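Notes for the one structure printed next.
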Amino acid sequence: MLAKTAILSALLSPCLAFCQIGVEMPSSPPPDAAGPSLEQTVDWIAKKLDAVPLPTVIAPKGRPEFSPNKLSATGEGCTVRITNFHRNAYGSSERHQLFNYKDLDPRSIKVYDYAYDGVQMVAIHADTLGDRRVIDDIDQYSKKFQSSQLRISNMMVDIEYGESLKRGLIHAQKLCTQKANAEKPPKPKDLF
């Protein structure tokens, strides 16, 4: 009991000191706002993905009419659409993934490097929080299904480029989670 009284006294001492001198107690520090803003982060991710030089070596050798794959990110705020356009000897295809950054599990965002046809590639994989199927995955035939996994692959970049993108995705996830929590209406307080 004596220990509880000492702890309570230690916690209340600063409040009592401020009250005695007639000064309002300082508020708690603002939430962590370190790093770029949400707008800056989302814009940076889009530019970084747009600049990825995707491989031309997957196209048949000696066939210059086959353009390289193209990766792009569009969206506003926390909602993003990542498009992967791929062209090879058999035709072209597009794949779109629509999601909200807040739905990604930041601990699951991983960068993988691998070799494809002798070319070094990087991929980024992420799962959603709770493995919820909240990513709209749309193929070139406009068939849509719900997925719990984000896959950004076939990037002809080095591992540092991939790690940089990973850090950007984690920061966007953090900012979008904070934004979603701030927009929630307060729960009504119950009497008991």
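None of the figures in this text is laboratory data; all of them are computed from the coordinates on show. Every value quoted in this text rests on a predicted model; they were computed, and no experiment measured them. Counting neighbours? That spans all protein chains shown, and the Cβs are built from the backbone with ideal geometry, glycine included.
Things worth noting here:
- When the Cα gyration tensor is reduced to axis lengths a ≥ b ≥ c, the ratio a/c is 1.5 or higher for segment 85-147, and with a/b not above b/c it is classed as oblate.
- Efficiency of FRET between K70 and K110 - r from beta-carbon atoms, R0 30 angstrom, step 0.05: 0.80
- Out-of-range pairs (alpha-carbon distance over 23 Å; input K144/K174; K144/K184; K47/K70): K144/K174; K144/K184
- Around the Cα centre of segment 38-181, unit charges on the Cβ atoms of Lys, Arg, Asp and Glu (plus for the first two, minus for the last two) sum to a dipole of about 180 debye.
- Close amide H contacts of V157 (hydrogens built in the peptide plane, cut-off under 5 Å, sequence separation of 5 or more or a different chain): V122.
- Label-to-label distance for E94 and N181 is 3.7 nm, based on points extended 7 Å past Cα in the beta-carbon direction.
- Qualifying chymotrypsin sites (Phe, Trp or Tyr not before Pro) in segment 72-165, where qualification requires a DSSP coil assignment and no more than 16 other C-beta atoms within 10 Å, comprise Y90, Y141.
- Cα shape, segment 38-181, gyration tensor, a/c 1.5 rule: prolate
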